[in-house]
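The values are calculated or read from the model by the stated rules, or taken from the named source; none is laboratory data. All values reported here derive from a predicted model rather than from experimental measurement. Neighbour counts run over all protein chains shown; Cβ positions are idealised from the backbone, glycine included.
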Amino acid sequence: MKAILAKNFGPPEVMHIEDVPAPVPGPGQILVSVKAAGVNPVDSYIRSGLYRQDLKLPFTPGLDAAGVITATGEGVKHRTVGQRVYIARSSFGTYAEQVLCKEFQSHPLPDHISFSQGAAIGVPYGAAYRSLFQRAHALPGESILVHGASGGVGIAAVQLARNTGMMVIGTAGSEEGIKLVQAQGAHHVLNHHQDGYLDRLGELTCGKGVNVILEMLANVNLDRDLTALATGGRVVVIGSRGRVEIDPREAMGREASILGMTLYNASENEMLSMHAAFVAGLENGTLRPVISKELPLAEAAQAHHLVMDTSTMGKIVLVP
């Protein structure tokens, strides 16, 4: 079968498509024929050597995928050959024609959800859900600011927060991005390229500030985020590309919290909980992954360049 291999850590060009042996499912495992593989910023960080330096080289990148089960190992009881599934993590990377994973690293994919949409669920919706409910403990009636709401995680966060009953404010950097975020259900969308855009939060929250902020670029925004919070507000740091200086007094006066988030710390029960919510949301139509671009598997390097471009909207997927 064909798979992407990275033989060294480094720039996107360290990845190449090669022929590798097809995997065989062992006890408790399933084999999935991949129809689409999701591309996430974290894939780029891992490939560069910033994260997971413990990976044995060469390795196949990728955490998310969707496809059809072609074989099951001994002891598999809840998945069947021919079933459509999406994958969140696997025994190996997902940038391949076939992927091996544990039974419960796969989840049922409703017929009306495309494989590309299925490949857009694991990391983006997982990061949004963990940030909102497992870290910030967001509640109906609270207000939320989603930075970079036109990206994969941002779109997931807007949909999840709106469906929970929160007042949702998103940011985007273009007219196209603003319209996209509005279409996901945000009550208000701000252009983060406009000077003083956070000043509008006072009027939008009746002078109280926002209860929760999801921060995708903490090295740029975190200091200003603290000034926009309500008393007892929480900032969840989902992404950062450098160091930042903040004024602790802004957090002290509001008794605010700065929370870190990584999906790698989610327990098995937390993962099962979030994916039960995702399957229900996909079935009832409240969760709608947005695909921005589909690229051939061989163009994984190009996909890694695109996924780090802040102007990218929605999800990038690779199609074997």
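Scanning the range 245-287 for residues that are over 24 Å from ASP43 (Cβ atoms), among the aliphatic types (A, V, I, L, M) and in contact (Cβ under 8 Å) with a residue 12 or more places away in the chain yields ILE246, ALA251, ALA256, ILE258.
When the range 158-185 is filtered for residues that are farther than 24 Å from ALA256 by Cα, in contact (Cβ under 8 Å) with a residue 24 or more places away in the chain and either in contact with a Lys or Arg (Cβ under 7 Å, 6 or more places away or on another chain) or among the basic types (Lys, Arg) (or both), the ones remaining, listed by number, are GLN159, GLY185. Being at pLDDT 95 or above and either in contact with a Lys or Arg (Cβ under 6 Å, 6 or more places away or on another chain) or surrounded by fewer than 17 Cβ atoms within 10 Å (Cβ to Cβ) (or both) is a property that holds for GLY67. Just one of the listed residues (GLY67, GLY62, GLY26) is small (Gly, Ala, Ser) and more than 24 Å from LYS293 (Cα to Cα), namely GLY26.
Every residue, every condition in (1) in contact with a helix residue (DSSP H, G or I) (Cβ under 9 Å, 6 or more places away or on another chain); (2) over 25 Å from ALA277 (Cα atoms); (3) not assigned by TED's automatic domain parsing to the domain that holds GLU13, yes or no:
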| site | (1), (2), (3) |
| --- | --- |
| ASP43 | yes, no, no |
| LEU50 | yes, yes, no |
| GLY67 | yes, no, no |
| THR80 | no, no, no |
| GLN105 | yes, no, no |
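When the range 144-195 is filtered for residues that are over 17 Å from the mean Cα position of the chain (by Cα) and assigned to a loop (DSSP other than H, G, I, E, B), the ones remaining, listed by number, are GLY165, MET166, GLY173, SER174, GLY185, ALA186, HIS187, HIS192, HIS193, GLN194, ASP195. Close Cβ contacts (under 7 Å, 6 or more residues apart or on different chains) running from residues in the range 41-64 that are within 17 Å of ALA300 (Cβ to Cβ) and touching a residue at least 24 places away in the same chain (Cβ under 8 Å) to residues that are polar (S, T, N, Q) and in a loop (DSSP other than H, G, I, E, B) comprise LEU57/ASN8; GLY62/THR94; LEU63/ASN40; LEU63/THR94; ASP64/ASN40; ASP64/THR94.
What about GLY185, is it touching a Pro at 6+ places or on another chain (Cβ under 8 Å), modelled with pLDDT of 95 or more and either over 23 Å from THR231 (Cα atoms) or surrounded by fewer than 17 Cβ atoms within 10 Å (Cβ to Cβ) (or both)?
Numbers: touching a Pro at 6+ places or on another chain (Cβ under 8 Å): no; modelled with pLDDT of 95 or more: yes; either over 23 Å from THR231 (Cα atoms) or surrounded by fewer than 17 Cβ atoms within 10 Å (Cβ to Cβ) (or both): yes.
It is false that GLY185 is touching a Pro at 6+ places or on another chain (Cβ under 8 Å), modelled with pLDDT of 95 or more and either over 23 Å from THR231 (Cα atoms) or surrounded by fewer than 17 Cβ atoms within 10 Å (Cβ to Cβ) (or both).
Only residues that are part of a helix (DSSP H, G or I) and exposed (fewer than 14 other Cβ atoms within 10 Å of the Cβ) were counted across the range 284-304, and they come to 1. A count restricted to the range 305-320 and to residues that are of a type in the set (D, E, K, R) and either surrounded by fewer than 17 Cβ atoms within 10 Å (Cβ to Cβ) or not assigned by TED's automatic domain parsing to the domain that holds SER33 (or both) stands at 1. Only residues that are under 20 Å from the mean Cα position of the chain (by Cα) and part of a loop (DSSP other than H, G, I, E, B) were counted across the range 60-109, and they come to 12. Here's a check for you: in the range 52-64, which residue that is surrounded by 18 or more Cβ atoms within 10 Å (Cβ to Cβ) and in contact with a helix residue (DSSP H, G or I) (Cβ under 7 Å, 6 or more places away or on another chain) is farthest from GLN105 (Cα to Cα)? So the residue we want is PRO61.
Matching residues to (1) modelled with pLDDT of 95 or more; (2) over 15 Å from the mean Cα position of the chain (by Cα); (3) not acidic (Asp, Glu):
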| residue | (1), (2), (3) |
| --- | --- |
| MET252 | yes, yes, yes |
| ALA256 | yes, yes, yes |
| LEU259 | yes, yes, yes |
| TYR264 | no, no, yes |
| MET274 | yes, no, yes |
| LEU287 | yes, no, yes |
| LEU295 | yes, yes, yes |
| THR310 | no, no, yes |
| GLY314 | no, no, yes |
